[in-house]
1. Across region B:25-84, what is the total count of residues that are within 14 Å of chain A (Cβ to nearest Cβ) and under 30 Å from B:D115 (Cβ atoms)?
2. Would you point out which residue out of A:L89, A:L103, A:L15, A:L19 is surrounded by fewer than 13 Cβ atoms within 10 Å (Cβ to Cβ) and more than 12 Å from chain B (Cβ to nearest Cβ)?
3. Does B:S22 fit the bill of being in a helix (DSSP H, G or I), among the polar types (S, T, N, Q), over 26 Å from B:A175 (Cα atoms) and out of contact with any strand residue (DSSP E or B) (no Cβ under 7 Å at 6 or more places or on another chain)?
4. Out of (1) more than 8 Å from every other protein chain (Cβ to nearest Cβ); (2) free of Cβ contacts under 8 Å to residues at least 40 places away in the same chain, what's the single condition that is false for A:K74?
5. List pairs: first residue in region B:29-44 and open to solvent by 40 Å² or more (accessible area, probe 1.4 Å), second residue at pLDDT 95 or above and of a type in the set (F, W, Y) anywhere in the structure, Cβ distance under 6 angstrom, at least six positions apart or on different chains.
6. Would you please list the contacts, defined by Cβ atoms under 7 Å and residues six or more apart or on different chains, that run from a residue in region B:4-23 that is open to solvent by less than 10 Å² (accessible area, probe 1.4 Å) to a residue that is in a helix (DSSP H, G or I) and of a type in the set (D, E, K, R)?
7. Any residue in region A:23-37 that's more than 10 Å from chain B (Cβ to nearest Cβ): show its pairings with residues that are of a type in the set (K, R) at Cβ separation under 7 Å, as long as the two are six or more apart or on different chains.
Amino acid sequence: MAKGEYLGEFEHIVLVSVLRLGDGAHGALIRREIETVTGRSPAIGAVHATLERLERKGFVTSWIGEPTAERGGKAKRHFKIEATGASALKQTRTTLERLHAGLALRSRPT
Amino acid sequence: MRPPFVARALIAAATPPLDYASVAGDLCEEYNARVESAGRPSADRWYWAQVARSIPALLSYSRAHRSFAAKSSRIAIVLIVLFAMLFCKDMIDRVIDLVDPRGPGLPAWLYFAIDWTDAALFGGILAAIVRSAGMRLALVASVALVAAFALPVILGISPPLQTLAWFLLLGAVPAMAVGAAVYQVLRRRESGSI
(Lines give C-alpha, C1' and ligand atoms only; values in the text may rest on other atoms or scores of the structure.)
Protein backbone atom coordinates (compact mmCIF):
# COMPACT_ATOMS: atom_id res chain seq x y z
CA MET A 1 0.00 0.00 0.00
CA ALA A 2 1.39 3.42 -0.94
CA LYS A 3 2.04 6.08 1.68
CA GLY A 4 -1.16 8.07 2.30
CA GLU A 5 -3.36 5.04 1.65
CA TYR A 6 -2.98 3.56 5.13
CA LEU A 7 -6.00 3.66 7.39
CA GLY A 8 -5.86 5.54 10.67
CA GLU A 9 -7.68 4.01 13.66
CA PHE A 10 -10.84 6.08 13.30
CA GLU A 11 -10.77 5.80 9.49
CA HIS A 12 -10.64 2.03 9.95
CA ILE A 13 -13.65 2.08 12.31
CA VAL A 14 -15.68 4.33 9.99
CA LEU A 15 -14.85 2.27 6.90
CA VAL A 16 -15.82 -1.01 8.61
CA SER A 17 -19.08 0.62 9.72
CA VAL A 18 -19.86 1.71 6.14
CA LEU A 19 -19.18 -1.89 5.03
CA ARG A 20 -21.43 -3.30 7.80
CA LEU A 21 -24.30 -0.97 6.91
CA GLY A 22 -24.13 -1.64 3.17
CA ASP A 23 -24.81 0.79 0.33
CA GLY A 24 -26.57 3.99 1.27
CA ALA A 25 -25.26 4.41 4.82
CA HIS A 26 -25.42 8.01 6.00
CA GLY A 27 -23.68 10.01 8.74
CA ALA A 28 -26.22 9.55 11.56
CA LEU A 29 -26.51 5.81 10.87
CA ILE A 30 -22.72 5.38 10.77
CA ARG A 31 -22.33 7.38 14.02
CA ARG A 32 -24.95 5.18 15.75
CA GLU A 33 -23.36 2.00 14.41
CA ILE A 34 -19.99 3.00 15.86
CA GLU A 35 -21.65 3.87 19.18
CA THR A 36 -23.54 0.56 19.34
CA VAL A 37 -20.65 -1.67 18.35
CA THR A 38 -17.67 0.03 20.01
CA GLY A 39 -19.34 1.83 22.93
CA ARG A 40 -17.56 5.00 21.83
CA SER A 41 -19.75 8.00 21.00
CA PRO A 42 -18.06 9.95 18.18
CA ALA A 43 -18.99 13.51 17.22
CA ILE A 44 -20.94 13.76 13.99
CA GLY A 45 -18.38 16.32 12.77
CA ALA A 46 -15.55 13.82 13.24
CA VAL A 47 -17.53 11.18 11.31
CA HIS A 48 -18.15 13.56 8.39
CA ALA A 49 -14.55 14.82 8.34
CA THR A 50 -13.32 11.20 8.24
CA LEU A 51 -15.80 10.23 5.51
CA GLU A 52 -14.62 13.20 3.42
CA ARG A 53 -11.00 12.04 3.87
CA LEU A 54 -11.92 8.47 2.89
CA GLU A 55 -13.73 9.79 -0.18
CA ARG A 56 -10.67 11.84 -1.16
CA LYS A 57 -8.57 8.66 -0.92
CA GLY A 58 -11.08 6.91 -3.18
CA PHE A 59 -12.17 4.37 -0.53
CA VAL A 60 -15.83 5.46 -0.49
CA THR A 61 -18.14 7.39 -2.81
CA SER A 62 -21.10 9.54 -1.82
CA TRP A 63 -24.28 10.95 -3.31
CA ILE A 64 -27.04 13.24 -2.06
CA GLY A 65 -30.48 11.76 -1.33
CA GLU A 66 -33.89 13.35 -0.94
CA PRO A 67 -34.72 15.75 1.95
CA THR A 68 -36.98 14.27 4.66
CA ALA A 69 -39.21 15.86 7.32
CA GLU A 70 -37.59 14.16 10.35
CA ARG A 71 -34.29 15.71 9.26
CA GLY A 72 -35.72 19.23 9.21
CA GLY A 73 -36.11 19.10 5.42
CA LYS A 74 -32.41 18.41 4.88
CA ALA A 75 -31.02 15.81 2.50
CA LYS A 76 -28.84 12.84 3.48
CA ARG A 77 -25.40 12.21 2.04
CA HIS A 78 -25.22 8.46 1.36
CA PHE A 79 -21.94 6.56 1.30
CA LYS A 80 -20.84 3.27 -0.19
CA ILE A 81 -17.53 1.47 0.00
CA GLU A 82 -15.46 1.10 -3.18
CA ALA A 83 -13.21 -1.79 -4.25
CA THR A 84 -10.12 0.21 -3.19
CA GLY A 85 -11.70 0.73 0.26
CA ALA A 86 -12.43 -2.98 0.64
CA SER A 87 -8.86 -3.74 -0.45
CA ALA A 88 -7.46 -1.22 2.09
CA LEU A 89 -9.54 -2.86 4.84
CA LYS A 90 -8.27 -6.31 3.86
CA GLN A 91 -4.68 -5.05 3.80
CA THR A 92 -5.02 -3.39 7.22
CA ARG A 93 -6.54 -6.54 8.68
CA THR A 94 -3.77 -8.73 7.26
CA THR A 95 -1.12 -6.34 8.59
CA LEU A 96 -2.68 -6.31 12.07
CA GLU A 97 -3.02 -10.12 12.09
CA ARG A 98 0.64 -10.46 11.09
CA LEU A 99 1.67 -8.05 13.85
CA HIS A 100 -0.41 -9.91 16.43
CA ALA A 101 0.70 -13.39 15.34
CA GLY A 102 2.31 -15.29 18.18
CA LEU A 103 1.73 -12.54 20.75
CA ALA A 104 0.09 -13.32 24.06
CA LEU A 105 -1.84 -10.20 25.04
CA ARG A 106 -1.77 -9.27 28.71
CA SER A 107 -3.80 -6.48 30.28
CA ARG A 108 -0.62 -5.09 31.93
CA PRO A 109 2.94 -5.29 30.64
CA THR A 110 5.26 -7.30 32.95
CA MET B 1 -39.09 19.48 16.99
CA ARG B 2 -36.16 21.81 16.29
CA PRO B 3 -32.85 21.81 18.19
CA PRO B 4 -31.71 24.97 20.09
CA PHE B 5 -31.27 27.91 17.71
CA VAL B 6 -27.83 29.02 18.93
CA ALA B 7 -26.45 25.48 18.59
CA ARG B 8 -27.91 25.23 15.07
CA ALA B 9 -26.37 28.60 14.22
CA LEU B 10 -22.95 27.38 15.40
CA ILE B 11 -23.22 24.33 13.15
CA ALA B 12 -24.28 26.59 10.26
CA ALA B 13 -21.24 28.79 10.88
CA ALA B 14 -18.68 26.00 11.16
CA THR B 15 -19.78 23.39 8.60
CA PRO B 16 -18.32 23.43 5.05
CA PRO B 17 -21.18 24.60 2.77
CA LEU B 18 -21.25 21.41 0.65
CA ASP B 19 -21.76 19.30 3.80
CA TYR B 20 -24.07 21.61 5.73
CA ALA B 21 -27.38 19.91 4.80
CA SER B 22 -26.08 16.40 5.58
CA VAL B 23 -24.41 17.36 8.91
CA ALA B 24 -27.34 19.49 10.16
CA GLY B 25 -29.80 16.84 8.92
CA ASP B 26 -27.94 13.99 10.66
CA LEU B 27 -27.93 15.96 13.92
CA CYS B 28 -31.62 16.83 13.54
CA GLU B 29 -32.52 13.18 12.84
CA GLU B 30 -30.77 11.93 15.99
CA TYR B 31 -32.06 14.87 18.03
CA ASN B 32 -35.68 14.04 17.16
CA ALA B 33 -35.12 10.35 18.00
CA ARG B 34 -33.71 11.40 21.41
CA VAL B 35 -36.61 13.79 22.08
CA GLU B 36 -38.95 10.79 21.60
CA SER B 37 -36.92 8.39 23.75
CA ALA B 38 -35.39 10.57 26.50
CA GLY B 39 -37.22 13.92 26.45
CA ARG B 40 -36.28 17.38 25.25
CA PRO B 41 -33.80 18.47 27.99
CA SER B 42 -31.71 15.33 27.47
CA ALA B 43 -31.86 15.77 23.67
CA ASP B 44 -30.80 19.43 24.02
CA ARG B 45 -27.80 18.43 26.16
CA TRP B 46 -26.83 15.75 23.62
CA TYR B 47 -27.14 18.26 20.76
CA TRP B 48 -24.98 20.87 22.51
CA ALA B 49 -22.31 18.24 23.32
CA GLN B 50 -22.29 17.11 19.66
CA VAL B 51 -21.96 20.71 18.44
CA ALA B 52 -19.09 21.49 20.84
CA ARG B 53 -17.21 18.32 19.90
CA SER B 54 -17.93 18.62 16.15
CA ILE B 55 -16.75 22.18 15.50
CA PRO B 56 -12.95 21.51 15.45
CA ALA B 57 -13.43 18.58 13.03
CA LEU B 58 -15.83 20.56 10.83
CA LEU B 59 -13.40 23.46 10.57
CA SER B 60 -10.62 21.09 9.54
CA TYR B 61 -11.85 20.30 6.04
CA SER B 62 -13.65 21.59 2.99
CA ARG B 63 -15.38 19.27 0.54
CA ALA B 64 -14.57 21.53 -2.40
CA HIS B 65 -11.34 20.35 -4.02
CA ARG B 66 -9.55 23.08 -5.90
CA SER B 67 -6.82 23.40 -8.46
CA PHE B 68 -3.49 25.09 -7.73
CA ALA B 69 -4.73 28.24 -9.54
CA ALA B 70 -7.89 28.37 -7.41
CA LYS B 71 -5.88 27.88 -4.21
CA SER B 72 -3.47 30.65 -5.27
CA SER B 73 -6.35 33.02 -6.00
CA ARG B 74 -7.70 32.32 -2.50
CA ILE B 75 -4.35 33.27 -0.97
CA ALA B 76 -4.42 36.47 -3.03
CA ILE B 77 -7.97 37.23 -1.80
CA VAL B 78 -6.89 36.68 1.82
CA LEU B 79 -3.92 39.03 1.39
CA ILE B 80 -6.06 41.70 -0.30
CA VAL B 81 -8.67 41.52 2.49
CA LEU B 82 -5.96 41.71 5.17
CA PHE B 83 -4.34 44.73 3.52
CA ALA B 84 -7.75 46.40 3.17
CA MET B 85 -8.41 45.71 6.86
CA LEU B 86 -5.06 47.24 7.89
CA PHE B 87 -5.62 50.20 5.55
CA CYS B 88 -9.03 50.79 7.12
CA LYS B 89 -7.47 50.60 10.62
CA ASP B 90 -4.79 53.09 9.56
CA MET B 91 -7.47 55.50 8.33
CA ILE B 92 -9.34 55.16 11.63
CA ASP B 93 -6.11 55.77 13.58
CA ARG B 94 -5.56 58.98 11.56
CA VAL B 95 -9.07 60.15 12.42
CA ILE B 96 -8.38 59.35 16.11
CA ASP B 97 -5.15 61.37 15.90
CA LEU B 98 -7.16 64.32 14.59
CA VAL B 99 -9.73 63.99 17.40
CA ASP B 100 -7.16 63.29 20.11
CA PRO B 101 -3.87 64.87 18.92
CA ARG B 102 -2.10 64.80 22.31
CA GLY B 103 -2.12 61.05 22.80
CA PRO B 104 -4.31 58.33 24.27
CA GLY B 105 -6.96 60.46 25.89
CA LEU B 106 -9.73 58.20 24.66
CA PRO B 107 -10.86 55.22 26.80
CA ALA B 108 -9.15 51.86 26.11
CA TRP B 109 -12.45 50.09 25.36
CA LEU B 110 -12.98 52.38 22.39
CA TYR B 111 -9.74 51.18 20.79
CA PHE B 112 -10.77 47.54 21.40
CA ALA B 113 -14.25 48.17 19.97
CA ILE B 114 -12.87 49.91 16.86
CA ASP B 115 -10.13 47.35 16.11
CA TRP B 116 -12.25 44.27 16.74
CA THR B 117 -15.21 45.66 14.78
CA ASP B 118 -12.80 46.31 11.91
CA ALA B 119 -11.56 42.68 12.13
CA ALA B 120 -15.12 41.28 12.39
CA LEU B 121 -16.26 43.35 9.42
CA PHE B 122 -13.42 42.12 7.24
CA GLY B 123 -13.95 38.53 8.49
CA GLY B 124 -17.52 38.87 7.20
CA ILE B 125 -16.29 40.33 3.89
CA LEU B 126 -13.86 37.42 3.47
CA ALA B 127 -16.67 34.92 4.11
CA ALA B 128 -18.83 36.74 1.55
CA ILE B 129 -16.08 36.59 -1.10
CA VAL B 130 -15.01 32.97 -0.48
CA ARG B 131 -18.30 31.32 0.36
CA SER B 132 -17.09 27.71 0.25
CA ALA B 133 -14.73 28.11 3.23
CA GLY B 134 -15.40 31.53 4.75
CA MET B 135 -15.03 30.64 8.44
CA ARG B 136 -11.94 28.51 7.88
CA LEU B 137 -10.29 31.16 5.75
CA ALA B 138 -11.12 33.92 8.26
CA LEU B 139 -9.39 31.88 10.98
CA VAL B 140 -6.35 31.24 8.76
CA ALA B 141 -6.18 34.93 7.77
CA SER B 142 -6.41 36.21 11.34
CA VAL B 143 -3.80 33.74 12.61
CA ALA B 144 -1.50 34.78 9.73
CA LEU B 145 -2.06 38.43 10.65
CA VAL B 146 -1.25 37.83 14.33
CA ALA B 147 1.85 35.83 13.35
CA ALA B 148 3.01 38.60 10.98
CA PHE B 149 2.90 41.14 13.83
CA ALA B 150 3.90 38.90 16.73
CA LEU B 151 6.85 37.01 15.21
CA PRO B 152 9.11 40.07 14.70
CA VAL B 153 8.39 41.05 18.33
CA ILE B 154 9.10 37.53 19.63
CA LEU B 155 12.31 37.35 17.55
CA GLY B 156 13.42 40.76 18.89
CA ILE B 157 13.34 42.46 15.46
CA SER B 158 10.51 44.83 16.46
CA PRO B 159 10.18 46.70 19.79
CA PRO B 160 8.11 44.88 22.46
CA LEU B 161 4.35 45.41 22.54
CA GLN B 162 2.39 46.65 25.56
CA THR B 163 -0.09 44.24 27.18
CA LEU B 164 -3.07 46.13 25.74
CA ALA B 165 -1.56 45.94 22.25
CA TRP B 166 -1.21 42.15 22.64
CA PHE B 167 -4.88 41.92 23.61
CA LEU B 168 -5.86 44.05 20.62
CA LEU B 169 -3.78 41.87 18.30
CA LEU B 170 -4.84 38.46 19.68
CA GLY B 171 -8.49 39.57 19.75
CA ALA B 172 -8.39 39.86 15.96
CA VAL B 173 -8.56 36.03 15.66
CA PRO B 174 -11.94 35.51 17.37
CA ALA B 175 -13.21 38.83 15.97
CA MET B 176 -12.59 37.78 12.34
CA ALA B 177 -14.06 34.33 13.04
CA VAL B 178 -17.16 35.90 14.61
CA GLY B 179 -17.56 38.20 11.60
CA ALA B 180 -17.36 35.24 9.20
CA ALA B 181 -19.70 33.16 11.39
CA VAL B 182 -22.30 35.94 11.56
CA TYR B 183 -22.20 36.28 7.77
CA GLN B 184 -22.70 32.51 7.24
CA VAL B 185 -25.53 32.32 9.78
CA LEU B 186 -27.31 35.32 8.25
CA ARG B 187 -26.94 33.87 4.75
CA ARG B 188 -28.34 30.48 5.80
CA ARG B 189 -31.12 32.11 7.79
CA GLU B 190 -32.07 34.15 4.75
CA SER B 191 -32.25 31.00 2.64
CA GLY B 192 -34.37 29.35 5.37
CA SER B 193 -31.94 26.46 5.94
CA ILE B 194 -31.41 27.08 9.70
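The values are calculated or read from the model by the stated rules, or taken from the named source; none is laboratory data. For clarity, every value in this text was computed on a predicted model and none was experimentally measured. Don't worry about glycine lacking a Cβ; one is built from the backbone with ideal geometry, like all the others, and counts go over all protein chains shown. Note: areas computed on protein heavy atoms with side chains; ligands, DNA, RNA excluded. Shrake-Rupley method; radii C 1.70, N 1.55, O 1.52, S 1.80 Å.
1. Selection size over region B:25-84: 8.
2. A:L103
3. In short, no.
4. (1)
5. B:R34/B:W46
6. B:A12/B:R188
7. A:D23/A:K80; A:G24/A:K80; A:E33/A:R20; A:I34/A:R40
The rows are residues; the columns are (1) within 14 Å of another protein chain (Cβ to nearest Cβ); (2) under 17 Å from B:F83 (Cα atoms).
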{"residue": "B:V143", "(1), (2)": "no, yes"}
{"residue": "B:F149", "(1), (2)": "no, yes"}
{"residue": "B:S158", "(1), (2)": "no, no"}
{"residue": "B:A165", "(1), (2)": "no, no"}
{"residue": "B:G171", "(1), (2)": "no, no"}
{"residue": "B:V182", "(1), (2)": "no, no"}
{"residue": "B:G192", "(1), (2)": "yes, no"}
